[in-house]
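Throughout, read-outs are computed from the coordinates displayed, never taken from laboratory work. What you see is a predicted model; the values in this text were computed from it and never measured. For neighbour counting, all protein chains shown are included, and Cβ atoms are generated from backbone atoms with ideal geometry for every residue, glycine included.
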Amino acid sequence: MTFFTRATSTFVAATVMAGFGLAAAGLPAQAQTVIGASAPLTGPRALLGRNFKQGVELAVEEINAAGGVLGKPLQVAFEDDQGDNPNAALNAVNKLMQVSKAPVILGPHYSVAQLATQKTYCDGTTISVTSASGIPVTAGGCKYVIRVRGNDEVQARALVEFARKELKTDKIGIIAVADDMGRGGVSRITAILDAAGIKPVAVESHNAGDKDFSAQLSRMKNAGAALVIMWTHDNEAGLIVRQAKQLGLNMRFAGSTSASEPTFIKLAGDAAEGVISANDFVPTNPDPRIQAFVKKYQAKYNMLPEIWASAYYDATQLAARAINEAGSTDPAKVRAAFAKMQHDGVLASYRCQDNGDCNQQIHIVEVKGGQPMVLTTVKF
Amino acid sequence: MTGTSTRVALLVLFLAVLALPPFIGLNSYYLQVLNLAWIAAIAALGLNIVTGITGQVVLGQAAMMGLGAYTTGLLLLKTSLPWWIALPCALLLTGLVGAALGLISVRIRGHYLAITTLGLNEIFRLVVLNEEWLTGGAFGLRDIPVVNLPGPGASTASHLYLPVLGITVAVYALTLRVFRTRLGRDMRAIRDDELAAESMGVNSRMTKVVSFVVCAIWGALAGGLYVLFIGFVSPNNFVVLESIRLLLIVVIGGLGSIGGTFLAALVVTVLPEALRDLQMVYMAVFGLGVVIILLLAPRGLGILADWILAPFLPGYRDGPPVAVEQTTGISLERDGNATGPATTRAVPAPAESPLLKVRNVTKHFGGVAALNDVSFDVREGEILGLIGPNGSGKSTMINVCSGIVQASAGQIELGSSVVSGRAAWDVHALGVSRIFQNVRLWTSMTVLENVMVPHPDSRRSGTIESIIGTRSLFAKEERAREAALEALNLIGIGALADRTTSDLSFGQSRLVELARAIVNKPKLLLLDEPAAGLRGGLIMDLADILMRLRDQGMTILVVEHRVKLIMGMCDRVVVLNLGEKIAEGNPVDVARDPVVVDAYLGGKIKRDTTRAPGRVPRSEPIRSAS
């Protein structure tokens, strides 16, 4: 009993001490310019975190090869925010601000984590460069958020408008997954159609992980839909188009970002041909700037880059340039530098608006010969 | 010096250290982590009350936090109520939800309850996610005004540090008080042995509801403080994983240990932050740390905390034990200050009026009739022996009389009140007390506490006064304590008062159970094989005690196998065989009755009565009974 008591108390004392000790030891060395990154390093979103980190590290390598930031090598301090866990994000951002004294933080990436932390960083202690696409992220009046992607609204609008113009039809049906992504998509699409005086001929939903979509598809057919917009995950989208082909339906399909992802194309096979989607990044984009990035990334990591690696590669480049152009790590000056900057990145040519939105374009992608091909780039 | 002053000094020092951070210039990251630890400590304490102390496993505490957080947030956003009105409203609403959950827990038990609460947690998340017009959906409630209080330091985390810590300490102090008085004893009794608790007068339904309400309110308080301090709330704050984290705190703290929960909340919140520099593996190392804690101290951090908090826990006595005459077994003061009507009585008065009337009682378990149309009286002031071969329905009879099992047909009356159909605790309140065939004490509690539970002064203190801690509560506590000591002394085991019951020998436990059964001076005492497992000397001592109790005016119905004991102490005997009464009368006559003799040897001779057994298979819910 006594032994246990003593052992326990020693352990507790040690952990508490270690808490403050380790944190104190984490103070940045002054020989480097330190910025922070709040990424999902652990938990179910860790794969996204890995891509995020690889994109950042590739950018850091290039920046340091080109002379670093403010004449010193750039160092990125990573903290885990567990993706969409608000408390972990709060602690990660707080630590980066208070302990690492980072003037710029890459991430948090998830909209909910962004919104949870905005009360903490928007007072001007630090700038967050994120690719969170939730509409409220730049709509809340925060002056210190920089966003490298368009918001969810932009993606839906670009897709719907292109599809209507290209396919010359107003008979549009929607199949969406019954979660916040799907429901958000449906409400945006119907609002966009509504503005053009159109009502969707049918709106169907399914649960995440469903395998059989024949009921939803036959209702699309009965309603006379010529174009079906899918707002769902890549697995389900793949099954939807494959089953439509098996049922002999000849409607066209369009989808969210997932309808140009490798999983979708692999699962849908032939049926993927001609499916249109809106996406920020496809590695087959022939643009030489993008091909150069794809080559560098493949050489370093032996895998194709995807959207999050590209987005945070760009975010790192943007942050380094802004600090260099401000000539200081003072957040207010860096934020002013972001506002003046024009930067050609992998996702877009960035130009920052007052609310922090810096990306005003999206690619319309069609699957051709089993590859996602950029048809056009919509600028807004 | 004595242990008390050392411990109190350590506690004061600990609290003083906790109050330091805002004054020593720690940055707001550390303060925020600590604030989150205090908030987790409050929510986990609620969970500990219901899971650790009352024994009802709940996996949905995050939903209670969420309900409190969303209610507070919405009231602040949609009405312009000040926070000090919004927060109590949220506590009230969540408390009501807790009451509903408590009522559910009366019906759903054990693992089923755990899964049900897990489901409720998920329902809460989905509703919050989907009702976007009210809750803001996946992106949560933003722009909730953060409370501004003056305080040391520059950041909100620093301003709110001392208030949050103060509330946490107050919540813990209040819970400690509830833990060691009437309500806490009832909760622990339900956890240790619900059946025994019910038959000793604990209204388990009410107690469970109250513990769920307190659990919900502490959860809501934690959620409300979170909102007032962070200014943001989303469905992702209150996922099932958060409930599991709170349960982890309760387990690491040692289920049921209040101080342990506080330490565990600190460890579970601070340790992952401390390990952050390990990057990808820090959560794995944290998990390893949890395993190490549980290996080193299977009872969790509670061991440490309970040592310091001992002066505030039940069963603590400063200094050496009070000198009580140590007894080897049962020592009776033969002519003590007994208040009974007579000290000796050779022959029972024949015209005694019946105290307990058992009329045509039938009890089916599925297709088996454990009791079949049994009728007899227990006369006031007698010891009635209930005997019969194994499986003859004796224990079922005791269970039916004490309200643990409800009769399928027939009626039981005590004086002018009908006993059958009442809950066990109501039967106890009418003056029926019992002991069990296999001793059923509440093993985590002290002997004294065991005996205090059924005392009328414990039973009479209301829920509200138990929580607030009025002066009348403490007066009742004191009376219950004195009466319990008196009962222990009467049985001759006053020296054991401060021992934990799990440390006792079987014989001692049996005597404690007897003291527990007589502390409320019951009219009728039901004894199910009181001598089972006792060695020879103790058995005759026991007979002495029972006769002495009878002489003090108590009526006793005793199930027993030992012929010697029955012959020695019973005034009359009722014999059951295969659920039917086959004989009744004075012990000597019954022992010679050929039907009785034959029943014990295995046959079944029918008396020339023409009653048909009439066993109707009937299915009905069966509660577990001894």
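Once the other residues with Cβ under 13 Å from the Cβ of A:Ala158 are scored (Lys, Arg +1; Asp, Glu -1), what is the net sum? List each step's numbers first, then the result.
Details: positive: A:Arg149, A:Arg157, A:Arg164, A:Lys165, A:Arg188, A:Lys379; negative: A:Asp152, A:Glu153, A:Glu161, A:Glu166, A:Asp280.
After counting each charged neighbour, the total is +1.
R0 = 56 Å: FRET efficiency of A:Asp212 with B:Ser375, Cβ-based, nearest 0.05? Provide the component values of the computation, followed by the final result.
Working: r = 66 Å, r/R0 = 1.17.
The formula returns an efficiency of 0.30 here.
List the lysines whose Cα sits under 23 Å from the Cα of B:Lys78, skipping any in the same chain fewer than 8 residues away.
Candidates past the 8-residue exclusion: A:Lys119.
As a test of understanding, state the convex hull volume per residue of segment B:457-607 from its alpha carbons, in Å³. Walk me through the intermediate numbers first.
Details: hull volume 23.3 nm³, N = 151.
About 154 Å³ per residue, rounded to a whole number.
With only Lys, Arg, Asp and Glu charged, each at its Cβ (+1 for the first two, -1 for the last two), find how big the charge dipole of chain B is about the Cα centre; round to the nearest 20 debye. Provide the component values of the computation, followed by the final result.
On the way: 54 positive and 48 negative charges, 131 e Å.
Roughly 620 debye for chain B.
How big is the Cα convex hull of segment B:136-179 in projection, averaged over all directions, in nm²?
On the way: hull surface 20.4 nm².
Result: 5.1 nm².
Explain nothing, just the number: relative contact order of chain B, from Cα pairs under 8 Å at least 6 residues apart, as a whole percent. Show your work: numbers first, answer last.
Numbers: 1163 pairs, mean separation 106.0, N = 626.
17 percent.
In whole angstrom, how far apart do the alpha carbon centroids of segment B:202-217 and segment B:400-417 sit?
With segment B:202-217 and segment B:400-417 each reduced to a Cα centre, they are spaced 27 Å.
Would you mind ranking B:Lys394, B:Lys78, A:Lys53, A:Lys245 by Cβ crowding within 10 Å, fewest neighbours first?
Fewest-to-most Cβ neighbours within 10 Å comes out as B:Lys78, A:Lys245, A:Lys53, B:Lys394.
If we count every other residue with Cβ under 14 angstrom of B:Ile468's Cβ, Lys/Arg +1 and Asp/Glu -1, where does the sum land?
In short, +2.
Hey, how much of the P(r) for segment B:28-239 falls beyond 33 Å, as a percent of Cα pairs? Before the final figure, lay out the partial values.
Working: 3733 of 22366 pairs.
So the portion of pairs separated by more than 33 Å is 17 percent.
Please label the shape of chain B as rounded, prolate or oblate, based on the square roots a ≥ b ≥ c of the eigenvalues of the alpha-carbon gyration tensor (a/c under 1.5 means rounded; beyond that, a/b larger than b/c means prolate, else oblate).
Values: a/c = 2.73, a/b = 1.95, b/c = 1.40.
Prolate, since a/c reaches 1.5 and a/b exceeds b/c.
If you keep only loop residues by DSSP, which GluC sites (Glu not before Pro) in segment A:256-330 have at most 11 other Cβ atoms within 10 Å of their Cβ? Let's see the in-between values first.
Numbers: sites: A:Glu273, A:Glu306, A:Glu325; in loops: A:Glu273, A:Glu306.
The qualifying sites: there are none.
Work out the length of the dipole vector of segment A:153-279 about its Cα centre, built from +1 on the beta-carbon of each Lys and Arg and -1 on the beta-carbon of each Asp and Glu, and round it to the nearest 20 debye. Write out the running numbers ahead of the final one.
On the way: 15 positive and 15 negative charges, 88 e Å.
With Lys and Arg at +1 and Asp and Glu at -1, about 420 debye.
Relative contact order, percent, of segment B:200-329 when contacts are C-alpha pairs under 8 Å separated by at least 6 residues? Intermediate values should be presented prior to the final figure.
Values: 80 pairs, mean separation 28.1, N = 130.
Relative contact order, segment B:200-329: 22 percent.
Report the gain in length on full extension from A:Leu375 to A:Gln353: 0.36 nm times residue separation, minus Cα-Cα distance, nm rounded to one decimal.
Working: separation 22, 0.36 × 22 = 7.92 nm, distance 2.65 nm.
Result for the pair: 5.3 nm of gain on full extension.
Hey, what's the Kirkwood Rh for chain A if you take every pair of different alpha carbons, in angstrom?
Details: mean 1/r = 0.0452 Å⁻¹.
About 22.1 Å for chain A.
Once every DSSP H run of n ≥ 4 in the protein assembly as shown is given -39500 (n - 2.57) and the sum is divided by its residues, what mean residue ellipticity at 222 nm do you get, rounded to the nearest 500 deg cm²/dmol? Don't jump to the answer; show the numbers that get you there.
On the way: 37 runs with 504 residues, N = 1006.
For the protein assembly as shown, the value works out to -16000 deg cm²/dmol.
Taking the dipole about the Cα centre of the protein assembly as shown, with the C-beta of Lys and Arg at +1 and of Asp and Glu at -1, give me whichever of B:Gly388, B:Tyr282, B:Met540 is farthest to the positive side.
Of B:Gly388, B:Tyr282, B:Met540, it is B:Gly388.
Enumerate the whole-percent occupancy of each 20 Å bin, from 0 to the last occupied one, for all C-alpha pair distances of the protein assembly as shown.
12, 33, 27, 18, 9, 1
Over all residues in A:111-118, what is the mean tally of Cβ atoms on other chains that come within 10 Å of each residue's Cβ?
Working: counts 4, 9, 2, 1, 9, 10, 2, 4.
Mean inter-chain Cβ contacts per residue within 10 Å come to 5.
Helix A:180-195 sits at what angle to the longest principal axis of chain A, using alpha carbons and giving 0 to 90 degrees rounded to 10?
It works out to around 50 degrees.
Pairing rule first: another cysteine's C-beta must sit under 4.7 Å. Under that rule, which cysteines of the protein assembly as shown stay single?
Singleton cysteines: B:Cys89, B:Cys215, B:Cys401, B:Cys570.
Say each of A:Ser187 and B:Ile244 gets a label point 7 Å from the Cα, pointing the same way as Cα to Cβ; how far apart are those two points in nm?
Each label point is offset 7 Å from its Cα along the Cβ direction, giving 3.0 nm.
Excluding A:Leu347 itself, what net charge comes from residues whose Cβ is under 12 Å from its Cβ, given Lys and Arg +1 and Asp and Glu -1?
On the way: positive: A:Arg147, A:Arg149, A:Arg289; negative: A:Asp280, A:Asp287, A:Glu306, A:Asp314, A:Asp344.
Net local charge, A:Leu347 excluded: -2.
Give me the angle, in degrees from 0 to 90, between the Cα long axis of helix B:204-230 and the longest principal axis of the Cα atoms of chain B, rounded to the nearest 10.
Roughly 0 degrees between the two axes.
May I ask for the distance between the Cα centers of segment A:320-380 and segment A:130-151, given as a whole number of Å?
Rounded to whole Å, the Cα centres lie 13 Å apart.
Sequence gap at least 6, Cα distance under 8 Å: using those rules, report the relative contact order of chain A to the nearest whole percent.
Values: 752 pairs, mean separation 64.0, N = 380.
It rounds to 17 percent for chain A.
Note down the magnitude of the dipole of segment B:28-239 about its Cα centre, charges +1 on Lys and Arg C-beta and -1 on Asp and Glu C-beta and zero elsewhere, to the nearest 20 debye.
Values: 13 positive and 9 negative charges, 83 e Å.
With Lys and Arg at +1 and Asp and Glu at -1, about 400 debye.
On alpha-carbon atoms, Rg over Rh for segment B:201-242 using Kirkwood Rh?
On the way: Rg = 14.4 Å, Rh = 12.2 Å.
Over the Cα atoms of segment B:201-242, Rg/Rh equals 1.18.
Taking the Cα centre of the protein assembly as shown as the origin and placing charges on Cβ (Lys, Arg +1; Asp, Glu -1), which of B:Val214, B:Tyr29, B:Val291 is farthest toward the positive end of the dipole?
B:Val214
Just rank B:Ser105, A:Ser260, fewest to most, by other beta-carbon atoms within 10 angstrom.
On the way: B:Ser105 24, A:Ser260 30.
By the 10 Å Cβ count, ascending: B:Ser105, A:Ser260.
For B:Met445, B:Met65, what's the fewest-to-most ordering of other Cβ within 10 Å of each Cβ? Mind dumping the intermediate values first?
Numbers: B:Met445 23, B:Met65 35.
Ordered by Cβ neighbours within 10 Å, fewest first: B:Met445, B:Met65.
Across the residues of B:30-39, average count of Cβ atoms on other protein chains within 10 Å?
Details: counts 7, 2, 7, 7, 1, 0, 3, 0, 0, 1.
Counting Cβ atoms of other protein chains within 10 Å of each residue's Cβ and averaging gives 3.
Using only the alpha-carbon atoms, how far is helix B:506-518 inclined from the longest principal axis of chain B? Give it as 0 to 90 degrees, nearest 10.
Once rounded, the angle reads 90 degrees.
What residue among A:Ile135, A:Ile146, A:Ile323 shows peak mean-square fluctuation when chain A is described by a Gaussian network model with Cα springs under 10 Å?
A:Ile135
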